[in-house]
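Down below is the structure, laid out as structure tokens.
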Amino acid sequence: MSSDNHVIAGPPLRLRPLREADEVPFAAAHQALAEEGYHFGLDGYQAGCSWPGYLQRVRDGQAGVNLPAGRVPATFLVAEVAGQIVGRISIRHELNDFLRQEGGHIGYAVLPAHRGRGYATEMLRQGLVIASSLGVEQVLVTCDDDNVASSRVIERCGGKLDSTAMGRDGSTLIRRYWIG
Ligand SMILES: CC(C)(COP(=O)(O)OP(=O)(O)OC[C@H]1O[C@@H](n2cnc3c(N)ncnc32)[C@H](O)[C@@H]1OP(=O)(O)O)[C@@H](O)C(=O)NCCC(=O)NCCS
């Protein structure tokens with residue numbers, strides 16, 4: 001999806017939609033991030049759930065069809081390097097109250113085994129191009145106040161700190177950045 005790749009070294013990173021053949025690596029990715037308390041699969045993904053059903057939910061989520069209450073349309077893509085899934089990104093097409101306060105337009109994660117190679121920075125750069133193609137020019141990106149790597153990613157992509165606010169869990173400080 002990008003011709004302008006900023007990965008530090010090695011083969012290029014590209015963002016692409018999920019495929020039927022991704023079921024096994026996707027489950028492994030979900031498990032790897034769950035061990036750190038993060039979700040790789042969004043849209044209600046659970047280990048062992050129907051994969052065709054999940055793919056349909058992701059497609060529906062992008063089209064804004066059958067959205068659960070409180071959800072906005074979002075584009076979910078995996079990041080692939082040399083044929084391997086290394087991360088995922090979710091690009092929300094609009095904000096609701098929760099996203100405006102702490103979720104932001106774009107969320108991303110890189111698998112533990114693939115960190116520190118510039119992948120998240122490249123994913124956000126490409127995600128910003130996709131957001132722009134969806135008409136989102138001012139992009140809100142957030143991270144926990146103590147997530148040094150993520151705040152670095154956002155700042156490298158031009159993020160300007162707007163505010164630091166308490167998350168709805170009442171204990172996590174969230175940094176809110178605007179890009180664009
Ligand atoms: C945050 C995360 C996406 C970073 O992914 P990544 O691919 O390792 O990030 P990059 O390689 O693009 O590194 C970005 C910057 O952070 C720095 N960085 C990476 N890990 C770091 C760490 N543990 N401590 C401090 N800085 C770190 C890098 O040096 C780089 O800075 P530089 O551009 O000045 O060299 C990844 O750690 C992750 O998925 N964490 C769990 C989920 C998460 O936090 N998602 C973001 C939610 S807002």
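Among all residue pairs at least 6 apart or on different chains, which show Cβ distances below 6 Å where the first residue, located in segment 19-43, is under 11 Å from Y54 (Cα atoms) and the second is not in a helix (DSSP H, G or I)?
Cβ pairs passing all conditions: L42/S90.
Test of understanding: among V58, V78, V65, which residue is closer than 23 Å to T121 by Cα and of a type in the set (V, I, T)?
Answer to the selection: V78.
Quick one: how many residues across segment 81-105 are farther than 23 Å from S133 by Cα, among the aliphatic types (A, V, I, L, M) and not in a strand (DSSP E or B)?
1
Find the residue count for segment 143-154, including only residues that are buried (at least 16 other Cβ atoms within 10 Å of the Cβ) and more than 6 Å from the ligand (Cβ to nearest atom). Reasoning before the result, please.
Start the filter on segment 143-154 by keeping residues that are buried (at least 16 other Cβ atoms within 10 Å of the Cβ), which leaves 143, 150-151, 153-154.
Right, trim to more than 6 Å from the ligand (Cβ to nearest atom) and you get 151, 154.
Count: 2.
Restricting attention to segment 38-61, does a residue exist that is hydrophobic (A, V, I, L, M, F, W, C), assigned to a helix (DSSP H, G or I) and surrounded by fewer than 14 Cβ atoms within 10 Å (Cβ to Cβ)?
First, pick out the residues of segment 38-61 that are hydrophobic (A, V, I, L, M, F, W, C): 40, 42, 47, 49, 51, 55, 58.
From what's left, assigned to a helix (DSSP H, G or I): 51, 55, 58.
Add one more test, that the residue is surrounded by fewer than 14 Cβ atoms within 10 Å (Cβ to Cβ), and what stays is none.
No; the residues of segment 38-61 include none that is hydrophobic (A, V, I, L, M, F, W, C), assigned to a helix (DSSP H, G or I) and surrounded by fewer than 14 Cβ atoms within 10 Å (Cβ to Cβ).
Read-outs: derived from the displayed coordinates by stated rules, not from any lab. None of these values were measured; they are calculated from a predicted model. In this analysis, Cβ positions are derived from the backbone assuming ideal geometry, glycine residues included, and neighbour counts consider all displayed protein chains.
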